1. To make sure I understand the rule: partners must be lysines, Cα under 20 Å from the Cα of B:Lys170, and not fewer than 8 residues away in the same chain. Which ones qualify?
2. Shape verdict for chain A, please, from the Cα gyration tensor: rounded (a/c under 1.5), prolate (a/b greater than b/c) or oblate.
3. Listing B:Met323, A:Met197 from the residue with the fewest other Cβ atoms within 10 Å to the one with the most, what is the order?
4. When you look at the Cβ of every residue in B:85-95, what mean number of other chain Cβ atoms sits within 10 Å?
5. Could you rank the peptides A:147-156, A:234-243, B:128-137 by their average count of other C-beta atoms within 10 Å per residue, with the highest value first?
6. Run the simple label-point estimate for A:Trp110 and B:Ala264 please: 7 Å along Cα→C-beta, distance reported in nm.
7. Using the Cα centre of chain B as origin and beta-carbon charges of +1 (Lys, Arg) and -1 (Asp, Glu), tell me which of B:Ile26, B:Val233, B:Val145 is placed farthest towards the positive end of the dipole.
8. If amide hydrogens are placed 1.01 Å from N in the peptide plane, which non-local residues have theirs closer than 5 Å to the one on B:Leu367?
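The numbers here are math on the coordinates, done by the rules we state, and not lab data. No experiment lies behind these values; they were computed from the predicted model shown. All Cβ positions, even for glycine, are placed from backbone atoms using ideal geometry, and neighbour counts span all protein chains on display.
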Amino acid sequence: MATTLMPGQKRFTPSAILADLTLLAWFVFSLFPIVWLVLLALKTDAEQTTTYFSFSPTLDNFGTVLSDRGEELTSVDFPTALLTSVLNCAGAVLVSLVVGIPAAYAAGRWRFRGSNDLMFTILSFRFAPELMVIVPLFVIYNQIGLFDTTVGMIWVLQLVTMPLVVWILRSYFQDLPEDLEHAALLDGYTRRRAFVMVALPLVRPGIAAATLLAFIFAWNNYIFPLVLSESEASTVTVAITKFLGGGGQAYYNLTAAAAVIAALPPLVLALTIQRYLVRGLSFGAVKS
Amino acid sequence: MATLDITGLSKRYGSTVGIDAVDLDIDDGEFFVLLGPSGAGKTTTLKSIAGLIEVDAGSVTIGGRDMSGVEPYERNVAMAFESYALYPQKSVLDNLASPLRSGRTGRYDDAEQRRRVDAVTGTLGISHLLDRLPKELSNGQRQRVALGRVLVRPADVYLLDEPLSHLDAKLRSAMRAELKQLGAVSQTTSVYVTHDYQEALALGDRVGVLRDGRIVQVGAPEQVWNAPADTFVAKAFGQPEITLLDAVVDDGRIHGADGAVDVAVPPGLAVTSGQRVRLGLRPRDVAVAGAGAPPDAAAVAGPDADPVAGPGAGRSAPGELRMRGRVGLVERLGRLVEVSVDVGGSTPVIVVTSAERAAGEGEPVELSVPNHQVHVFQAGASGEETPRIGSLAGATDEEDRA
């Protein structure tokens, strides 16, 4: 439904129809790449380079990608890469939450010497191009033995996710009335218990949003795993590209199938935590 | 139960002053009211006592124990926040039981918790709300829950930040009457913050008036009412505000309001000849002595007076100040009417009188005020607050104050 109808409003006015058509056009336009990707994943090897919409769809590609046959073609174990990605990203998000929530709370609640500089530094991790730091990182990782390790991947991916978590949650903590924690202190709870009992449950929507965003950003990261891992810690984003073939035949249909599969974990995560993505949890706490 | 001593308490927020060298000695079990307009530093004072903000200077001593560096949760202080500060994810019951469950306010088993919560909700009339969430309550109900969270537990000091401000007028006066009767409140040292002078006078054992972060006056309600320290305190108590008439001391008499005021300087009033002063008249202290002036009014008032019985000095009987003037605006407040009387000069005298005594708009009237209710303040620029010198009762007034 494009618009909410007010009582007495006519549904089929020319402007309403025009608005719906415009929205529909935009919808098709923005969704087209995904539609094309899914169509491509359903095509056979013979049809993969055609641009027709009529073809004989097959699910074989998904089986190929997930089986030994895929590994024979690409020398990449796709299911393992998928698992590695989940581990890497979950690890990075977890580290970001454990460190980022207290950091965001401190930054949102108190002004301390250099707090703004610190926040800016954290933010700057986000706008520094990854390609700028990748070469020194590669050298360092090789020297200290983090190259192609899970710890190394988690460490570098949390560079991507931590600033997100801190900046998103800081504004949530800032929006939280300080009187609530003050009340808890006067009820006889320590600062830590006041934080856990009062502040933390009320920023749950923020934590859900930050977790999801951080996971997606980590999941989609390509440069870090491409350069800083080889096989053990290599992720799904790198694995997908292997189906394009290095010198041999390019399997566009398999690439598309791998991409569709790779899009599922973030989708599942989003559906799982979307019920926490509600605002207004603190409504009624203090008078506005 | 404890005494509460505050010495030299100061707090600045950047360049703005929160509170400035506030001193208060509050007795064990006393109900102390802090009155002041918004931004005067009332809440800052309360939060400093609770230890919720770090003060720049000064100390808070509760029950003889210096609280500097003592965490809020160790101070055994309960506070009702103006913003209610109810835990939004918890039911009313859990909100009220929260202080009993922390372990720092005493040990309470489930039955004792329930007994205390029931006692408090019964008193406050919120027993039927126990299972609700704060978002399902009206502002008045939320405020009572916030008050209940304080009263549910014993504490050395209760800090109450405008706890009645969001109740409707009827409930408010009922709660005001009840609040002091509550056992917990009557036995516990309490600091009550309000901007409502009636609450302050009705509730306070003593009242402290705050202005721009400074304590202007501390005293019993009748003290601050009868002998306000300065024009600010005088204006803070009373609605409508006290009328301030410019006057000047000359040759042993006080002249003011373009001749409407002309009285002898009473013995004992510390003014010198040539000194400019302000006379303060509370609207409810001014009586309409007679509707309409006697036929010979112009002659009595002197050659300057308006021949059509306009403004002028009336015949002042002993013990009271008389003025004659003409009624300007009349505003009905129900049984009472608020009348603005032009007595000459730039400031009309506001009178609140019973509807029967009120004259119609444009009519001449004669006003009278008992001498001890004519406050004499030092003169100052408009907007400047000036200290009180005394009243037209002179030396007898000083005896009253002692």
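1. B:Lys170 reaches B:Lys180.
2. Values: a/c = 2.57, a/b = 1.27, b/c = 2.02.
Oblate shape, in that a/c is at least 1.5 and b/c is the bigger or equal ratio.
3. On the way: B:Met323 29, A:Met197 21.
The most exposed by this proxy come first: A:Met197, B:Met323.
4. Numbers: counts 13, 6, 11, 12, 9, 3, 0, 0, 0, 0, 2.
Taking the mean over all residues of the peptide, I get 5.
5. Working: A:147-156: 19.9, A:234-243: 23.2, B:128-137: 16.8.
Ranked by mean Cβ neighbours within 10 Å, highest first: A:234-243, A:147-156, B:128-137.
6. 6.9 nm
7. B:Val145
8. B:Ala289, B:Met323, B:Arg324, B:Gly325
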